[in-house]
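One structure below.
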Amino acid sequence: MGFPKKVKNQILVLCARHCCVCHKNVGLNMEIHHIKPEAEGGENTLENAIALCFNCHSFAGHNYNNLHPKGIKYSREELFLHKAKWIKMVEENKISSKDTLVELSITNKGSLKPIFIKEITTYIDRDSWKRVYEILGKNPMELIDEIKSNSTGDFYYRNIVNKIETYDQYIDFMNGDFPEKDFSKMPDIKEVTNCQPLNYLMPSMLGYNYTKEKNLSNCILDLKFTNYGPEVLEDYKLYIIFDEVVEIDSVNKRNSWDDIYKYKYNVRFIESNKAEFVPEQNVLVQNDSVIIDSICFRTDYKTKYVVIKWELFARNFQDEGLLKVPISPTFEKSEQTRFEINAKGMKPKTRILPKIVTT
């Protein structure tokens, strides 16, 4: 019949998934053994259960028990003593099931504090600007005329201003709707789909230097995978699954916009939120670690945590775990106005924008 699931869970927690005889932390590679065999009336109870690694289990037997061909080194009395001693050690030393196995950890080199812009738009009457100038006895177009007469300044900006001929075009320009509607409107956080922290833009026709856009609303995560266990990991693969992310990818290693060198990444995304870590060497010895290529991602501005589930598969070994990564978003306030007809009844509008710095 075997032990019920409740008993198995109890003994695994009590021994912290360590073998009660050799004290190795072997994770999933365990057997729950009957100290007194079922054939001799041993019950499926916690008192009769002991957690053993595969190796120790093969040597766990009783005198003259031919069902254990590898030997009879551990008697039932000895197993009872091993169990009691180890469970006491686990309790006194607060030993965890993860103390000596494998671990995926954050190296704290990455940026997990995205910055967003909270844009608040208020509305005023479209003709109010014109009325102020009329009261002052001035021409509402004088600022535009002054810019047109000035030969210095930004060429692109002056080229647009030179096209303004009427007051309505002037107001549309101030609203960002001239020469075309929303020509200067910045996309909000839902419209920005690139999760790379740094983008290289091609040189313009007027210059030779490329520009860089740094998106401070995207996060960078640096991970390290460590083998604390007693066994060498051979032919291993690590899968990493991310929850609570909008977009995720490996950080682009290019150094300029025209850098076409093909880098070899040790992490690749096989699904939209699932990555596979492929090490250069498929062996990881005890107390050694490997660095995973930096990963960039976008979250919703309301997100406070990203959950990472990892799964390890190696020869004769398997393990899994969870990481709860705290995200600390901050907001910078930006205020702007729009000139609208019948603006009196219009309520302020709020948008969340990405924080992008151009250099």
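Here are some residues: PHE317, PHE331, PHE297. Which one is more than 14 Å from the chain's Cα centre (by Cα) and modelled with pLDDT of 95 or more?
Answer to the selection: PHE331.
I want to confirm something. Restricting to the stretch 249-279 and keeping residues that are out of contact with any Leu (no Cβ under 9 Å at 6 or more places or on another chain) and among the β-branched types (Val, Ile, Thr), which single residue is nearest to ASN316 (Cα to Cα)?
So the residue we want is ILE270.
Limited to the stretch 240-271, what total is found for residues that are of a type in the set (A, V, I, L, M, F, W, C) and without any contact (Cβ under 8 Å) to a residue 60 or more places away in the chain?
Final tally of qualifying residues: 8.
Which residues, taken from the stretch 43-63, are more than 43 Å from the chain's Cα centre (by Cα), at pLDDT below 90 and of a type outside the set (A, V, I, L, M, F, W, C)?
Residues satisfying the conditions are GLY61, HIS62, ASN63.
Mind counting the residues in the stretch 299-333 that are assigned to a loop (DSSP other than H, G, I, E, B), closer than 22 Å to ILE120 by Cα and not aromatic (Phe, Trp, Tyr)?
6
Is at least one residue of the stretch 334-353 within 30 Å of LEU104 (Cα to Cα) and assigned to a strand (DSSP E or B)?
Checked the stretch 334-353: no residue is within 30 Å of LEU104 (Cα to Cα) and assigned to a strand (DSSP E or B).
Sort out which residues of the stretch 223-239 are buried (at least 18 other Cβ atoms within 10 Å of the Cβ) and either touching a Lys or Arg at 6+ places or on another chain (Cβ under 7 Å) or assigned to a loop (DSSP other than H, G, I, E, B) (or both), and write them in order of number.
Of everything in the stretch 223-239, those that are buried (at least 18 other Cβ atoms within 10 Å of the Cβ) and either touching a Lys or Arg at 6+ places or on another chain (Cβ under 7 Å) or assigned to a loop (DSSP other than H, G, I, E, B) (or both) turn out to be GLY229, GLU231, TYR236.
Taking interchain pairs and intrachain pairs at least six residues apart, which have beta carbon atoms under 9 angstrom, with the first residue in the stretch 226-239 and farther than 11 Å from VAL26 by Cα and the second among the basic types (Lys, Arg) and part of a strand (DSSP E or B)?
TYR239/LYS274; TYR239/LYS309
The values are calculated or read from the model by the stated rules, or taken from the named source; none is laboratory data. The structure displayed is predicted, hence computed values, not measured ones. So basically every Cβ, Gly included, is an ideal-geometry build from the backbone, and we count neighbours across all protein chains shown.
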